[in-house]
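One structure is given below, represented as structure tokens, and several questions about it will come after.
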């Protein structure tokens, strides 16, 4: 039986960053990464960027680590393998090929998987999801032949891939169940700004609509909506949400909810087991609630912090996460927690331009999150206001004033 001092399940940015951090602190401890993909670390962010899909960025730029890096760091990469059982009492992991691996310290850095579209015809050629590099390659290979495309869902994937299909020259529709785009995260004003940008490009948004079936023989030819409307299409890109595959952990005794539960040091309820990445539901000391965030920057920083904790350098995770996407000549930024579980109020900050809008989310007189539309310059001061736990209860008018310098609220 193979045995490692540090065993990491998940070869994405959280797991790989953790492995690198551990090696910097512990030059001799054995490290192995188990990854369900055969590939070394690559940029998942680039997978949904139009310039990458349209060949304007060389494909090789997607790689973030190569074989030499793993050899230099003495990190064993076990690619194309999936963990199927955790025995925390005996400190062993069982893989899908029945191999057993023993660990001293374990990191579970699960990502999330696209939620499948539950309709007939989803198995046809031309129906795409976007999580892995191989899935991205499949979309790239099909782009040149796509004349009519449909993006399903009102999130980042749908937004970015609809933009990519539009730029490739395809007639594009976006199908959303809600009345407004990105509802309920975006308020009506923010949705209208985004929708106007999308529709001005010629892309059609079908609101309060759902796919009833995907039609074709071997490949996609059209879709039928639940109201009976039929739309011709060569490609369907599904972005209706994501979930964490935790079934294999249900009998392990580890705490689970929407993901793997962890405290503010990213430790789980089981000894010598930590969690990091998109599939981690962690206790946020800034927001004072359990949070699960699915973005690259958050996963990378969690990987660094969890690596420190695994080598004994106790460090809380206090990072204010952010994610920015661009498409249809509009930028959308999420900062902190844009879905607070506690009761919150929203402060609206307009302009100065008509297409600039911010939603500032306040819980117990503290700013916990923000949504920015075409207002990336104020991202940094907002992140600092959140991280410094600055009381803003009597500063609503200042926060709402587009001419007020938010840096004046910061602790010096």
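Read the figures in this text as sums done on the coordinates, not as results from a lab. In this text, all values refer to a predicted model and were calculated from it rather than measured experimentally. We place every Cβ from the backbone using ideal geometry, glycine too, and count neighbours over all the protein chains shown.
Within region 7-30, whose backbone N sits under 19 Å from a point 7 Å along Cα→Cβ of residue 71?
Counting backbone N atoms under 19 Å from the label point, the list is 20.
A further question follows. So if each residue of separation counts as 0.36 nm, and I subtract the Cα-Cα distance between residue 188 and residue 135, what length gain in nm does that give?
15.7 nm
Here's something else I'd like to know. Rounded to the nearest 500 deg cm²/dmol, what is the calculated helix-only ellipticity per residue at 222 nm for the chain, with -39500 (n - 2.57) per DSSP H run of length n ≥ 4?
Calculated at 222 nm, the ellipticity per residue is -6500 deg cm²/dmol.
Can you give me the C-alpha center-to-center distance between region 1-32 and region 343-412, rounded to a whole angstrom?
Cα centroid of region 1-32 versus Cα centroid of region 343-412: 39 Å apart.
In a GNM of the chain with a 10 Å cut-off on Cα contacts, which of 11, 138, 55 has the highest mean-square fluctuation?
It is 55.
Under a plain spin-label model, where a point goes 7 Å from the Cα along Cα-to-Cβ, how far apart in nm are residue 405 and residue 342?
Here the modelled spin labels are 3.1 nm apart.
Once the piece of chain linking residue 230 and residue 355 is laid out straight, how much longer is it, given 0.36 nm per residue of separation minus the C-alpha distance between them?
Fully extending the segment from residue 230 to residue 355 adds 41.7 nm.
Given springs between every Cα pair under 10 Å in a Gaussian network model of the chain, which of 48, 142, 191 has the largest fluctuation?
Looking only at 48, 142, 191, the biggest GNM fluctuation is shown by 142.
How long are the three semi-axes of the equivalent ellipsoid of region 340-409, in whole Å, if each is the root of 5 times an eigenvalue of the C-alpha gyration tensor, listed from largest down?
Ellipsoid semi-axes (Å, largest first): 18, 13, 11.
Another question about this same structure. With a cut-off of 20 Å, note down the residues of region 250-293 whose backbone N falls inside the zone around a label point 7 Å from the Cα of residue 2 toward its beta carbon.
Within reach of a label on residue 2: 273-274.
Would you please give the FRET efficiency between residue 30 and residue 124, computed as 1/(1 + (r/R0)^6) with r the Cβ-Cβ distance and R0 = 60 Å, to the nearest 0.05?
0.85
Also, I was wondering about something else. Given the C-alpha centroids of region 111-128 and region 257-320, what is the distance between them in whole angstrom?
Cα centroid of region 111-128 versus Cα centroid of region 257-320: 30 Å apart.
Full extension from residue 99 to residue 219: what is 0.36 nm times the residue separation minus their Cα-Cα distance, to one decimal in nm?
Extra length available between residue 99 and residue 219 comes to 39.4 nm.
Where both partners of a DSSP beta bridge lie in region 1-145, what percent of those bridges are antiparallel, to the nearest 5?
DSSP beta bridges in region 1-145 are roughly 35 percent antiparallel.
Restricting to region 115-241, compute how many DSSP beta bridges are antiparallel as a %, nearest 5. Can you show the working numbers first?
Values: 7 of 22 bridges.
Of the beta bridges lying entirely in region 115-241, close to 30 percent run antiparallel.
Under a crude label model (7 Å from the Cα following the beta-carbon direction), how far is residue 196 from residue 290 in nanometres?
Placing both labels 7 Å beyond Cα along the Cβ direction yields 4.1 nm.
I want to verify a result. In a Gaussian network model of the chain, Cα cutoff 10 Å, which of these has the top mean-square fluctuation: 377, 116, 184?
Highest fluctuation among the options: 377.
Separation between the residue 396 and residue 208 pseudo-spin-labels, each 7 Å from Cα along Cα→Cβ, expressed in nm?
With each label placed 7 Å out from Cα toward Cβ, I get 3.1 nm.
Another one. Have a look at the DSSP beta bridges in the chain and tell me what percent are antiparallel, nearest 5.
Here the antiparallel bridges make up roughly 55 percent for the chain.
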